[in-house]
Each structure stands twice: as structure tokens, then as C-alpha cells.
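The values are calculated or read from the model by the stated rules, or taken from the named source; none is laboratory data. Quick caveat, the model's predicted, so the values are computed rather than measured. Cβ placement follows ideal geometry from the backbone for every residue including glycine, while neighbour counts extend to all protein chains displayed. In case anyone asks, the SASA skips ligands and DNA or RNA and just uses the protein heavy atoms, side chains included. Shrake-Rupley method; radii C 1.70, N 1.55, O 1.52, S 1.80 Å.
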Amino acid sequence: MPNNEILVNTLSRRAMLMKTAGGLCAASIVALSDSSHANPLWQEASGAKLKGRLKQSACRWCYRDIPLENLAKAGAEIGLKGIDLLNDPNDWPVVKKYGLIPTMVTGAGTIPDACNRKDLHDKLEKEFETNIPRAAENGVPNVITFSGNRRGMSDAEGAKNTIAGLNRVKKIGEDHGVNICIELLNSKIDHHDYMCDHTAWGLEVVQAVNSPRVKLLYDIYHMQIMEGDLVRTIQKNIDWIGHFHTGGVPGRHELDGTQEVQWDGVMRGIAATNYKGYVAHEFVPTKDPLTSLKAAVDLCDA
């Protein structure tokens, strides 16, 4: 009988431990979903630490309903290194408090009106003259710009104008150690008439400018829509890519089984190049935002 009692007690303790562990996992998910209570508990309980070969960030606008302080705190615990497209300098100290940086901020221009318009070059130069030094002073590595829409302009003329515009401002980036990144966007679904809609056009521009501080923002979501062939294109042209964005295709939602890109494979392809920049998540969550963000960070931890 004593042996039986020992066996019963041992099994009871094991059951209690399993129940406690299950509660810990449940608590971790609750803590992750509730940005106001995010803490290291759920990170410890959820698995191994990140390998961290790629530095990951998240675009602020995708999480606009979460207070920035809560997003920064949870993001740091998830393993992010920064918050992307955080354009208000008043917000930068908030993320720095949690060891993050603004990984990309506004440079000059807007999606429809930017570098391919010669009449805008004076205005754009003034914007760069303000935004690049401010970025440098705050440790921001990248500013964003755009080609602008075609509006009947040929791609050849637009490339010529864009090259001329970026040549005017590249020294500002070089002098301050800040990358000027022109974004590749799709013109098929989201940004009709946008000119910098294929990698080849973007490469023509940045290679002609030929500055270590003028790069492409390779948005994987947009380029999957326009041309696919992601890993080969990225690896072949990595020297001209300064920043990445993600987003599930179709729909720009979670990086999961509902969409067509194999994200872990793409990230391994990027990591194999020894890329040192940032990969920023720019998908719109359809589920609990921070749970989806953590799943993306884990998936993309190449």
C-alpha cells in the first residue's frame, strides 16, 4: 500500500505540474494579446529565443489602434529591433525607451507626387535637407521616398528625372550616413499608375545614381504581385536594397497559410546574403494584432 500511495502522489504532482504549465501557456497568449500587460513571461513560455540573423521591425500604421508605448514594449519583448514609418519625431523617444529605434521615417515626397517630377525637385530637396539630418541625429538609418505616378509620362523620362532628383540630394544622405530608399510598389492592385513598380526600373535609377546611400525599399508584398521570383531577384541585387517590407499575398494580411509566399524560405534567402539592414512587417492583422506580429517574427527568424 505505501508504494501505491507514492505512485498516486507522484501522478497527482505530475498532473498538477502539467495543469500549471498549461495555465502558463494560456497566460502567455493572454499577455501577448493584451498589449497593456505584455511582459517577458509569454516570451519565456513561448519557446526558444530568436536566432536574430535578420533585424525585424513593424510598421506603425498597421498597429495604429495600439498605443505606441504598448506596441514598443510588446515589440521589444517579441524580439523587434525597431518601429517603421514612425514619422513624428515626438514619438521617437517612446520607442527608444524600450531599446528600439525608428527604422525608417519620412524623407520627401508622397506616393503620387515625388522624384519623377522635375517641378517638385526644389521642394523635395528642402524636405530631405530637414529630414535627413534630423534622422541622423536620432539614430534613424533610413528615410523613404517615391517615384511618383506616371500621369502619361514615359518610364524612360521618369527614370531620367528621378535620377536627376536623387543626384541632387544623395550627398545629404552620404554626409549624414542615412539611406534614401525609393520604394517599389505594385501598380496592379494598390497604387495604380505608380512608376517604380518593377525591380528593373528601380535598379536602373539607383545604379545610375551610384551612391552607397541611395537604395531600394524592396516591398516583398508588392513585388510578389508584380513579378514574383523573389529570392533570386533579391539575392542578385542585394547590394542595391536598403530595406524590406512584408505583407501576405493576396490581401496584405498575416504571413500564414492563407497566402502564397513561403516567408521562411524568402527570409533564409535574404539572410544568406549577410544583409545587415531591417525587415519591417507591413501587414494588416485580421486576428489579435500582437499575436499575429509575434507569429510573423518567429516565422521570419531565418
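Placing R0 at 30 angstrom, the Cβ-Cβ distance between K126 and Q207 gives a FRET efficiency of 0.70 after rounding to 0.05. Share of carbon and sulfur in the accessible area of the range 170-302 stands at 49%, probe radius 1.4 Å. Straight Cα distances below 17 angstrom link K55 to the lysines K73, K81, K96, K276, K294, with same-chain residues fewer than 8 positions distant left out. In the range 145-238, the alpha-carbon atoms span a convex hull of 88 Å³ per residue. Counting only residues at least eight positions apart within a chain, or on another chain, the lysines with an alpha carbon under 23 Å from that of K126 are K118, K160, K170, K171, K215. When Rg and the Kirkwood radius Rh are both evaluated on Cα atoms of the range 210-287, their ratio Rg/Rh stands at 0.97.
Looking at the range 232-302, which trypsin sites (Lys or Arg not before Pro) are DSSP coil and have at most 11 other C-beta atoms within 10 Å of their C-beta?
Values: sites: R232, K236, R252, R268, K276, K287, K294; in loops: R252, K276, K287.
Filter output for the range 232-302: K276.
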